[in-house]
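The values are calculated or read from the model by the stated rules, or taken from the named source; none is laboratory data. It should be emphasised that the depicted structure is a prediction, and the values quoted were computed from it without experimental measurement. Methodologically, a virtual Cβ is constructed for each residue, glycine included, from the backbone with ideal geometry; neighbour enumeration extends over all protein chains shown.
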């Protein structure tokens, strides 16, 4: 796994603000803004069913599915969410461990 901590290309700041943009008929997008110099750092497109909010639960995931207009059975949606939640949680633990190793001398 490769981990990259997003950095502002202009001022070197690591503190970013994620701005979620929703437009009718378009995939959701995240614009990452530097918290220090306020410039755009990056833009990301969120794939269908890819929005996962760690502390909002299943209802938040359902809203992201509804926005895209996908039609799935309730069981499939719940199973997808449960699977994603487990994967995201495990991946986050690994990422925190790797970040701690990378920055142990900071």
Some residue of the range 50-59 being at pLDDT 75 or above and part of a helix (DSSP H, G or I): yes
Members of the range 1-42 found to be under 24 Å from residue 61 (Cβ atoms), in a loop (DSSP other than H, G, I, E, B) and free of Cβ contacts under 8 Å to residues at least 12 places away in the same chain, listed by number: 23, 24, 25, 26
